[in-house]
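Working notes for the structure below.
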Amino acid sequence: SREIVREHGVMLLLGSMRAEERLAAFLLNLVQRLHSRGFSQSELVLRMTREEIGSYLGLKLETVSRTFSKFVEDGIVEVKQRHVKILMLKRSSEWLTLSLNAIEMVASSKVRLLDTMDKAQKTKNEIV
């Protein structure tokens, strides 16, 4: 059930976040997963093209490229072709944690609402 809620959270993430938030969440999630396997905590080599990243995040190639450029200008990341270094990891990670917690709370509320609706429907069917 927790996996369903998380998957629902990912769907909410794609639907409710701006391009910058989607790309930041994607990069932070990727670097955290790689770090848990013994790789760097702040650097990664992207194996996906920008077009593939856009497709995964529901964004156009141009939007992904512009967002990477904005992150570089803002000093959030350094990008050299496919090599990405996250410069503001702690701040970005704190923001992502807050965002994901909010999404999980919304998803949990929706799951509880659906459970309540299911129970009401069953009760209604038993009465009829």
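Kindly indicate which of E7, E52 is modelled with pLDDT under 85 and open to solvent by 30 Å² or more (accessible area, probe 1.4 Å). Don't jump to the end; show me each part of the working.
Values: E52 fails: modelled with pLDDT under 85.
None of the other options fit; the residue is E7.
Of all residues in the range 37-65, count the ones that are among the hydrophobic types (A, V, I, L, M, F, W, C) and at positive phi.
Going through the range 37-65, the residues among the hydrophobic types (A, V, I, L, M, F, W, C) turn out to be 39, 44-46, 48, 53, 57, 59, 61, 64.
Still in the running and at positive phi: none.
Summing the residues that are among the hydrophobic types (A, V, I, L, M, F, W, C) and at positive phi in the range 37-65 gives 0.
From (1) assigned to a helix (DSSP H, G or I); (2) loosely packed, with under 13 Cβ neighbours inside 10 Å, pick out the condition that doesn't hold for G75.
(1)
The values are calculated or read from the model by the stated rules, or taken from the named source; none is laboratory data. In this text the structure is predicted, and so the values were computed from the model without any measurement. So basically every Cβ, Gly included, is an ideal-geometry build from the backbone, and we count neighbours across all protein chains shown. Only protein heavy atoms, including side chains, enter the accessible area calculation; ligands, DNA and RNA are left aside. Shrake-Rupley method; radii C 1.70, N 1.55, O 1.52, S 1.80 Å.
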